[in-house]
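What follows is calculated from the coordinates using simple rules that are stated; it is not laboratory data. All of these numbers come straight from a predicted model, not from anything done at the bench. Counting neighbours? That spans all protein chains shown, and the Cβs are built from the backbone with ideal geometry, glycine included.
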Amino acid sequence: MTGPYAHFAELLGSARNILVLTHDNPDPDTFAAGMAILRLAAVIVPRARVTLGYDGIIGRVENQAMVTLLRVPLVPYRELRRRRFDLTILVDTQFGSGNNPLRERPSKLMVFDHHPPRRFREYDFSHLDEAAAATALLLVPYLDHFGIPLDRSLATALVYALRTETLDLQRDCNRMTEEVYVRCFRLASKKMLGRIEHARHPPVYFQTLRYALGHTSRFSTVLVTRCDEAPNPEFIPEVCELLLRCEGVRWVLAVGRYQGTLYLSIRTTSTRRSAGRVMKALVHGVGSGGGHVQTAGGKIVLDPAIPEHYSTIRDQLCQRFLGLLGKSGERGVAFVDEAESKPA
């Protein structure tokens, strides 16, 4: 065995205590990618102790349902700080990206990610491919190469990961993505998929959604929404996705705060300008962020000593976003008029 698969197996086989680490506030793609690495490790190095860790919270009810129903063995990073690992594998994130808890480079570091490569490249093994629709998709050839069949749980995870990453195969989707999706769908549990996709929301979700809709402004084809006090960080991109479905809208920015951090999300239907690059320009010098052509996220840690820090920087970011899209000086209109929204 030669090439990248041999290098991957050699590095994995040399470890006895392995940490697979997702990005903060993990999503279905990280769950599926992590599950795939756990399967690979179980075959290649069966005596190793492998831990799937994460930082932040699992906020969306669909993601909570996925973790519960598919029994994803996640461990909070705070419980792992004192443990020593001889190999760390990052999934759907990169060292220095600002969206994972690693502050110092581990002794051995591996990465699988479909986001644009960062300047840091000192990995012991890396598989970076921004053309891939999902990070989990990168792991499927490894499973095939080592003769590891897809079980129902992993197939279900892959199907849901691909659905969420591609908006049901309509975004960043190519032939390989479709082939893997069809293959996994045949093996997946349709009942579990239904329970994940239709998980029930708590009342606060609808209360916060109403607030966000009431604090959304429209600038012709652009929407800017303030979620402000979000129930979880993932609520912000969820609102972004929802608003992008409005007729005539091409760009959406959602801003909100959760536990001392300001979170941003951008969604667009455009392919002429990258949402990821717009996000990087938006948070340059004040936070971290990035993404893909049509999706992007970012965050800024707020100063607790300045109570008005959030509202000040939120308004500055909204104006900067409009400027980046050539909307400076344009007057916005309320997206939802309270008077008109009442039933007749």
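What's the magnitude of the charge dipole for the chain around its Cα centre, counting Lys and Arg as +1 and Asp and Glu as -1 at the beta-carbon? Answer in Debye, nearest 20. Can you show the working numbers first?
On the way: 44 positive and 36 negative charges, 77 e Å.
About 360 debye.
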Summed over the other residues with a beta carbon less than 15 angstrom from that of ARG314, with K and R at +1 and D and E at -1, the charge totals -1
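At 0.36 nm per residue, and after removing the present C-alpha to C-alpha distance, how many nm does the segment from HIS201 to ALA334 gain when stretched out fully?
Values: separation 133, 0.36 × 133 = 47.88 nm, distance 2.64 nm.
Answer, rounded to one decimal: 45.2 nm.
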Report the residue, chosen from ARG200, ARG320, ARG277, that carries the largest GNM mean-square fluctuation when the chain is represented by alpha-carbon nodes joined by springs under 10 Å.
-> ARG200
Rounded to the nearest 10 degrees, what's the angle between the helix 203-214 long axis and the longest principal axis of the chain, both from Cα atoms, 0 to 90?
-> 50 degrees
Relative to the first principal axis of the alpha-carbon coordinates of the chain, what is the inclination of helix 309-324, with its axis defined by its Cα atoms, in degrees from 0 to 90 and to the nearest 10?
-> 90 degrees
For the chain, longest principal axis from Cα atoms; helix 175-187 axis from its Cα atoms; angle between them, nearest 10 degrees, is 70 degrees
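Once you have a ≥ b ≥ c as the square roots of the Cα gyration tensor eigenvalues for the stretch 227-329, tell me rounded if a/c is under 1.5, and otherwise prolate or oblate according to whether a/b is larger than b/c. All intermediate terms of the calculation are to be shown ahead of the outcome.
Details: a/c = 1.77, a/b = 1.45, b/c = 1.22.
Judged from the Cα gyration tensor, the stretch 227-329 comes out prolate (a/c at least 1.5, a/b above b/c).
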Mind giving me the nanometre distance, one decimal, between the label points for SER220 and GLU10, set 7 Å out from Cα along Cα→Cβ?
-> 5.7 nm
By the gyration tensor of its Cα atoms, with a ≥ b ≥ c the square roots of the eigenvalues, what is the shape of the chain: rounded for a/c under 1.5, prolate for a/b over b/c, or oblate?
-> prolate
Calculate, in nm to one decimal, what THR271 and VAL301 gain on full extension: separation in residues at 0.36 nm each, minus their alpha carbon distance.
-> 7.8 nm
By the Cα gyration tensor axes a ≥ b ≥ c (a/c under 1.5 gives rounded; else a/b larger than b/c gives prolate, otherwise oblate), the shape of the stretch 4-197 is rounded
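Please figure out what share of the DSSP beta bridges in the chain is antiparallel and state it in percent, rounded to the nearest 5. Write out the running numbers ahead of the final one.
Working: 25 of 53 bridges.
Taking every DSSP beta bridge with both residues in the chain, the antiparallel ones total about 45 percent.
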Among PRO149, PRO231, PRO101, the residue with the largest mean-square fluctuation in a Gaussian network model of the chain built from Cα contacts under 10 Å is PRO149
Listing LYS191, LYS299 from the residue with the fewest other Cβ atoms within 10 Å to the one with the most, what is the order?
-> LYS191, LYS299
With springs only between Cα atoms under 10 Å, which of ILE58, ILE18, ILE44 fluctuates most in a Gaussian network model of the chain?
-> ILE44
Set the Förster distance to 51 Å, then compute FRET efficiency between ALA281 and GLU178 from the Cβ-Cβ distance, nearest 0.05.
-> 0.95
Convert each backbone phi in the stretch 270-283 into a coupling constant with the Karplus relation 6.51 cos²θ - 1.76 cosθ + 1.60 (shift: θ = phi - 60°), then list the ³J(HN,Hα) values in order as whole Hz, x for Gly and Pro.
-> 6, 10, 7, 9, 7, 4, x, 5, 4, 5, 4, 5, 5, 9
Backbone N under 14 Å from the GLN316 label point (7 Å along Cα→Cβ), restricted to the stretch 240-278 | 262
Helix-derived [θ] at 222 nm for the chain: sum -39500 (n - 2.57) over DSSP H runs of at least 4, divide by residue count, nearest 500?
-> -11500 deg cm²/dmol
For the stretch 138-255, what does the equivalent ellipsoid look like in terms of its semi-axes, each the square root of 5 times an eigenvalue of the Cα gyration tensor, given largest first in whole Å?
-> 34, 18, 11
